[in-house]
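*Asks:* Quick one: the structure is below, and I'll ask about it shortly.
The values are calculated or read from the model by the stated rules, or taken from the named source; none is laboratory data. These numbers come from a predicted model, not from an experiment. Note that each Cβ is placed from the backbone with ideal geometry, even for glycine, and that neighbours are counted across all protein chains shown. When the accessible area is computed, the model is the full protein with side chains, heavy atoms only, and any ligands, DNA or RNA have been set aside. Shrake-Rupley method; radii C 1.70, N 1.55, O 1.52, S 1.80 Å.
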Amino acid sequence: QVQLVESGGGLVQPGESLKLSCAASGINFSIYNMGWYRQAPGKQRELVASITITGSTNYADSVKGRFTISRDNAKNTGYLQMNSLKPEDTAVYYCKTIRFPQTYWGQGTQVTVSS
């Protein structure tokens with residue numbers, strides 16, 4: 001059974017940092033591309049950052065320079081380091097692994113940025 005479990009969300013003030021983790025089980029994580037998505041209330045889910053199996057990364061313009069995606073294949077875990085958080089970063093964050101045609105999602109973790 002494949003599981004992706006996100007953790008690390010929480011309530012922080014503007015300018016603070018959080019590091020999200022996505023622990024994968026039931027798959028060979030190293031052969032899957034991975035992405036972090038987020039969905040704010042009333043908005044569509046959007047791609048925040050992605051990383052390929054070779055380590056190439058891509059970021060949404062809104063998070064470039066603030067967020068860093070990474071992966072540790074030995075630990076079957078992906079990460080999203082989020083710095084300089086803004087209120088508009090408030091959302092449920094999901095991780096997703098992709099190896100066509102297989103796609104798996106985690107259950108999400110809430111990130112709230114508020115003073």
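*Asks:* Could you list, in sequence order, all residues of segment 100-113 that are under 27 Å from residue 15 (Cβ atoms), assigned to a loop (DSSP other than H, G, I, E, B) and out of contact with any Leu (no Cβ under 7 Å at 6 or more places or on another chain)?
*Replies:* 108
*Asks:* Restricting to segment 21-50, what's the tally of residues that are surrounded by 17 or more Cβ atoms within 10 Å (Cβ to Cβ) and more than 16 Å from residue 75 (Cα to Cα)?
*Replies:* Residues meeting the conditions: 7.
*Asks:* If residue 61 satisfies all but one of (1) under 20 Å from residue 27 (Cβ atoms); (2) in a loop (DSSP other than H, G, I, E, B), what's the number of the condition it fails?
*Replies:* (1)
*Asks:* Out of the residues in segment 53-91 that are closer than 20 Å to residue 10 by Cα and basic (Lys, Arg), state the one that is most open to solvent (accessible area, probe 1.4 Å).
*Replies:* Only one residue tops the list, namely 86.
*Asks:* Considering every residue within segment 2-20, establish whether at least one is at pLDDT below 95 and open to solvent by 50 Å² or more (accessible area, probe 1.4 Å).
*Replies:* No, because not a single residue in segment 2-20 is at pLDDT below 95 and open to solvent by 50 Å² or more (accessible area, probe 1.4 Å).
*Asks:* Ok, one more. Do the conditions hold for residue 93, that is, is it of a type outside the set (A, V, I, L, M, F, W, C) and either in a loop (DSSP other than H, G, I, E, B) or more than 11 Å from the chain's Cα centre (by Cα) (or both)?
*Replies:* No, not satisfied.
Per-residue answers, yes or no, for (1) touching a residue at least 24 places away in the same chain (Cβ under 8 Å); (2) within 20 Å of residue 43 (Cα to Cα):
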residue: 58; (1), (2): no, no
residue: 65; (1), (2): no, no
residue: 73; (1), (2): yes, no
residue: 79; (1), (2): yes, no
residue: 84; (1), (2): yes, no
residue: 88; (1), (2): yes, yes
residue: 95; (1), (2): yes, yes
residue: 104; (1), (2): yes, no
residue: 113; (1), (2): yes, yes
